[in-house]
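Below is one structure, written out as structure tokens, with a few remarks after it.
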Amino acid sequence: MMSPIEREQAADILIKAEKECIQAKLLSETFPHIEIDDSYAISSIVAQRKIKSGAKLIGHKVGLTSKAMQASSKIDEPDYGHLLDTMMIAEGAKVPHNRFCKPRVEVELAFVLGQPLKGPGIGLVDVLRATDYVVPALEIVDARLVDQRKIFDTVADNGAASGLVLGGRPIKPMDVDLRWVSALMYRNSDIEETGVAAGVLGHPALGVAWLANKLGQHGVTLEAGHVILAGSFTRVVFAQKGDTLFGDFGPLGSVCVQFV
């Protein structure tokens, strides 16, 4: 377990790396005694510093929702990170590539809550009842730490969350079987990935339920109006300067972002 001072030092490392867009050394190497509780505490410290500087918490992201990704990270549950208003990117926007260390993009469904959710005991139906609407999304993930990261590094680095783009057609959660929402992930004119939302824990709403129960252990409520990225149902697609990343969600429309 890390000391409070070490947690603050780790937060300093992540903030510096993000500001300078230069990847830092792994926290799991700098602090080999790091534990998963330390990682979540570090992520919260970084988020709270940004909030004190004027950013606003607008929701959370859920990651590592597939069994394959959990196995590769040697964990048995998802992880989460914070979403701030400074991370919102307009649909179709041109974003400077040098704003990130190593940007990658995932297709997801975003749940926008109409009612608060707080665990324990939150299930799939509770999430559907509390959701105002669901909308296609792209998550821009970044790595403020060098490769060969361990789960401790990823969690401390806000679950790699760096940006989110909402687009397409919002739908009510009961108007379609969300398990069968599909997406084609294009990089420029090439389809790089395809997937269906059932790849997120069997149903994307279960990602939101997991988050509500996980945060409920610490007295945290998912607030009405918050955006929850429920988890990617494709592998990440790396974005180079000049690339346009385009998620085609079929009947639900599309969402894209360009790196310049």
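General remarks:
- Among the criteria (1) buried (at least 18 other Cβ atoms within 10 Å of the Cβ); (2) farther than 30 Å from Lys16 by Cβ, the one Tyr80 does not fulfil is (2).
- Selection within segment 141-187 - assigned to a loop (DSSP other than H, G, I, E, B) and either more than 29 Å from Asp126 (Cα to Cα) or small (Gly, Ala, Ser) (or both): Asp142, Ala143, Arg144, Val146, Asp147, Gln148, Arg149, Lys150, Asp157, Gly167, Gly168
- Note on segment 63-97: residues that are among the hydrophobic types (A, V, I, L, M, F, W, C), modelled with pLDDT under 95 and within 23 Å of Gly247 (Cα to Cα) total 3.
Per-residue answers, yes or no, for (1) out of contact with any helix residue (DSSP H, G or I) (no Cβ under 7 Å at 6 or more places or on another chain); (2) surrounded by 24 or more Cβ atoms within 10 Å (Cβ to Cβ); (3) aliphatic (A, V, I, L, M):
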position	(1), (2), (3)
Ala130	yes, no, yes
Ala137	yes, yes, yes
Ala143	no, no, yes
Gly159	yes, yes, no
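Residue by residue, here is whether (1) among the hydrophobic types (A, V, I, L, M, F, W, C); (2) over 28 Å from Met174 (Cβ atoms); (3) touching a residue at least 40 places away in the same chain (Cβ under 8 Å); (4) out of contact with any Ser or Thr (no Cβ under 8 Å at 6 or more places or on another chain) holds:
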{"position": "Asp85", "(1), (2), (3), (4)": "no, yes, no, yes"}
{"position": "Met88", "(1), (2), (3), (4)": "yes, no, yes, yes"}
{"position": "Glu91", "(1), (2), (3), (4)": "no, no, yes, yes"}
{"position": "Pro96", "(1), (2), (3), (4)": "no, yes, yes, yes"}
{"position": "Val105", "(1), (2), (3), (4)": "yes, yes, yes, yes"}
{"position": "Leu113", "(1), (2), (3), (4)": "yes, no, yes, no"}
{"position": "Lys118", "(1), (2), (3), (4)": "no, no, yes, no"}
{"position": "Leu124", "(1), (2), (3), (4)": "yes, no, yes, yes"}
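- Restricted to segment 222-236, and to residues there that are of a type in the set (Gly, Ala, Ser) and out of contact with any helix residue (DSSP H, G or I) (no Cβ under 6 Å at 6 or more places or on another chain), the residue that is farthest from Leu57 (Cα to Cα) is Ser232.
- Output for segment 236-260, where each listed residue is surrounded by fewer than 16 Cβ atoms within 10 Å (Cβ to Cβ) and of a type outside the set (Val, Ile, Thr): Phe238, Gln240, Lys241, Gly242, Gly250, Pro251
- Residue satisfying condition, being within 21 Å of Arg149 (Cα to Cα), in a loop (DSSP other than H, G, I, E, B) and of a type in the set (D, E, K, R), within set Lys61, Lys102, Lys19: Lys102
- First in segment 197-211 and at negative phi and surrounded by fewer than 24 Cβ atoms within 10 Å (Cβ to Cβ), second anywhere and polar (S, T, N, Q) and not in a helix (DSSP H, G or I), Cβ under 6 Å, 6 or more apart: Gly199/Ser66
- Single condition Ile45 does not satisfy, out of (1) over 18 Å from the mean Cα position of the chain (by Cα); (2) crowded, with 16+ Cβ neighbours inside 10 Å: (1)
- Only one entry in Lys150, Lys172 is of a type in the set (Lys, Arg), surrounded by fewer than 22 Cβ atoms within 10 Å (Cβ to Cβ), at negative phi and modelled with pLDDT of 95 or more, namely Lys172.
- Test: residue in segment 110-131 that is at pLDDT 95 or above, touching a strand residue (DSSP E or B) at 6+ places or on another chain (Cβ under 7 Å), β-branched (Val, Ile, Thr) and more than 20 Å from Lys214 (Cα to Cα): no
- Selection status of Ser232, in contact with an Asp or Glu (Cβ under 6 Å, 6 or more places away or on another chain), of a type in the set (Ser, Thr, Tyr) and outside any loop (DSSP other than H, G, I, E, B): no
- When Asp37 is tested against (1) surrounded by 14 or more Cβ atoms within 10 Å (Cβ to Cβ); (2) assigned to a helix (DSSP H, G or I), just one condition goes unmet, and that condition is (1).
The values are calculated or read from the model by the stated rules, or taken from the named source; none is laboratory data. In this text the structure is predicted, and so the values were computed from the model without any measurement. When we count neighbours, we look across all protein chains shown, and the Cβ atoms used for this are built from the backbone with ideal geometry, even at glycine.
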